[in-house]
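Have a look at the structure below, then the notes.
Just so you know, all these numbers are worked out from the coordinates, no wet-lab data involved. Values in this document were obtained by computation on a predicted structure and should not be read as measured data. Heads up, the Cβs are rebuilt from the backbone with ideal geometry, glycines too, and the neighbour counts pull from every protein chain shown.
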Amino acid sequence: MSRNVLQGRRILLCVAGSIAAYKAVSLLRALVRDGAEVSVVVTPSAARFVAPLTFETLSGRPVRQHLFADAEPMPHLRATEEADLVLVAPATANCLAKCALGLADDLLSTLLLAARCPIVMAPAMDGDMWDHPALVSHVWTLRDRGVVVLEPEEGSLASGLVGKGRLPAEHVVLEAVMACLARRRDWAGQRVLVSAGPTREPLDAVRFITNASSGKMGYAVAEAAAQRGAEVVLVSGPTALASPPNVTSVSVLTAEEMWHALDARFSWATVLVMTAAVGDFRPRHPCSGKIKKHEWNGAPLDLERTPDILESLSRKRTHQVLVGFAAESGDLLANGRKKLRQKDLDLVVINRVTGAQSACGSDTNEAIFLPRHGQAIQVERLPKRLLADRLLDTVREYGVMPLPSPARPQNKEIRRIQ
Ligand SMILES: Cc1cc2nc3c(=O)[nH]c(=O)nc-3n(C[C@H](O)[C@H](O)[C@H](O)COP(=O)(O)O)c2cc1C
């Protein structure tokens, strides 16, 4: 997303008392560098970690710290009425809990109740605190209410342990802030058909062939498109995920079922985003009962190809924009290009599926966007929900979609790789 989004926007950066408070200094510098007007609030605990003078100097504005301040009556109202967005980074367990419960006993908790603009919270804490049932339920409450609570990162923690609790990386926090500020209903009028998850190809009544897809990417795309105003139908293989709000979900099991479900809705759609990891092979003669252990003589499985859904829908296309996902190993670009050409797609998202960077099951993903017209775009590792927004931006920005094109991206962080 273009960092121009930050130009002239008023951001209230609230720093709570986490050991990660020092990272808020770098965050502040990045926001200011990209043109945001940043005011800072620190809690008394945060002020023990980083001197307010640091924030005051870098923001060029007085730092607010106390609810009952002599210099300014009602600082909780003054602070928020000026803001386009409130960013709490780092957000402590304490401030997440107070915000979820609606408590207001200090400046930060009171201004969070008064805020009428979007709120983004970037938690940082010990892994056991993040996993505590009280905190889990507070985070649900906040997200339900529309607060963007980012996932902390895995890694080494201040306690010396390794776990989930690190403040999300700076580029992830910035991306979330920009996505929130840019949030528009720019997909209104589009009808988006998304496929997600794995398929199951039965061998007998209880056994099947499947793959490691979690469905998270497709659900993220469906959620993003719905939030940006599109009508969305999500056709999903078996996953452990809840359907995103305002999305019509259709559950399927096999590749054949997924094909029928997508085929039946294809003429309705303006955009098809095919993230599903559809099984390529299925047992030719599945058994209707359960194969007994002693009945199997060790013969190799007799497999046949499943229908190639994307290729078959591509042949039927009238007006639809087609976005495919390519799970690749080896030469990612060459394989992606081949898929783009063979299936006559408008854009392919290439994911690596081997090694530590594998997209399968992960909450984050690193991808290459390969538009039919234009150069490949390397997208850095992002949470899948933010990557979904990037994908929707790219489909628009590269004129893939039959909508008025916004200004060309002047994105410093998009690296053209060929
Ligand atoms: C050295 C130290 C480090 C701390 N780090 C964290 C942290 O990373 N996350 C957190 O939620 N609480 C942390 N705490 C506890 C908070 O500072 C404490 O809950 C405090 O009441 C938070 O107040 P605030 O939310 O108003 O800033 C830490 C405490 C100490 C003494």
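Quick check: the angle from helix 23-33's long axis to the longest principal axis of the chain, C-alpha only, nearest 10 degrees? The two axes meet at around 90 degrees. Taking other C-beta atoms within 10 Å as the exposure proxy, Leu262, Leu103 rank Leu103, Leu262 from fewest upward.
Working from the Cα coordinates of the range 85-126, the gyration tensor eigenvalues give, after taking √(5λ), semi-axes of 16, 13, 7 Å in decreasing order.
Taken along its three principal axes, the alpha carbon spread of the range 191-416 comes to 65, 36, 32 Å, from the longest extent down to the shortest. Computed FRET efficiency, Cβ-Cβ of His319 and Arg145, R0 35 Å: what is it to the nearest 0.05? For R0 = 35 Å, the calculated efficiency reads 0.35.
Report, ordered by chain and residue number, the lysines lying within cross-link reach of Lys338, taken as a straight Cα distance under 16 Å and ignoring same-chain residues fewer than 8 apart. By straight Cα distance, Lys338 reaches no lysines at all. Distance between the pseudo-spin-label points of Cys287 and Asn246 (7 Å out from Cα toward the beta carbon): 4.9 nm. The protection proxy used here, the mean number of other Cβ atoms lying within 10 Å of each residue, ranks peptides 134-142, 187-195 as follows, highest first: 187-195, 134-142. Does anything in the range 88-102 have its amide N under 16 Å from the 7 Å Cα→Cβ label point of Ala134, and if so which residues? Within reach of a label on Ala134: 92-102. Could you check the simple spin-label distance between Trp296 and Ala334, using points 7 Å along Cα→Cβ, in nm with one decimal? Here the modelled spin labels are 3.6 nm apart.
Among the listed pairs Lys23/Lys216; Lys216/Lys290; Lys290/Lys343; Lys23/Lys164; Lys216/Lys343, those whose Cα-Cα separation exceeds 27 Å are Lys23/Lys216; Lys216/Lys290; Lys290/Lys343. Between Thr210 and Asp263, the simple spin-label model (points 7 angstrom out along Cα→Cβ) gives 2.4 nm. Look at Tyr398, Tyr22 and count the other Cβ atoms within 10 Å of each Cβ; fewest to most, that gives Tyr22, Tyr398. Here is the list for the range 249-320: trypsin sites (Lys or Arg not before Pro) lying in DSSP coil, each with at most 15 other C-beta atoms within 10 angstrom of its C-beta, are Arg284, Lys290, Lys292. Here the ratio of the Cα radius of gyration of the chain to 2.2 N^0.38 Å is 1.10. Between Gln342 and Arg33, the FRET efficiency from the beta-carbon distance, with R0 = 51 Å, is close to 0.75. Considering only Gly218, Trp130, Val147, the residue lying farthest towards the positive end of the dipole of the chain is Gly218, judged by Cα position with unit charges set on Cβ.
In nm, what is the difference between 0.36 nm times the number of residues separating Arg184 and Gln375 and their Cα-Cα distance?
Gain in length upon complete extension: 66.1 nm.
The chymotrypsin sites (Phe, Trp or Tyr not before Pro) of the range 49-129 that meet both conditions, a loop assignment by DSSP and at most 13 other Cβ atoms within 10 Å of the site Cβ, are Phe68. Sorting the segments 158-170, 197-209 by their residues' average number of neighbouring beta-carbon atoms within 10 angstrom, most packed first, yields 197-209, 158-170. Evaluated at q = 0.09, 0.12, 0.13, 0.17 Å⁻¹, the base-10 log of the normalised Debye intensity for the range 3-182, with identical point scatterers placed on the Cα atoms, takes the values -0.27, -0.49, -0.58, -1.04. Highest average first, the peptides 212-221, 75-84 ordered by how many other beta carbon atoms sit within 10 Å of their residues are 212-221, 75-84.
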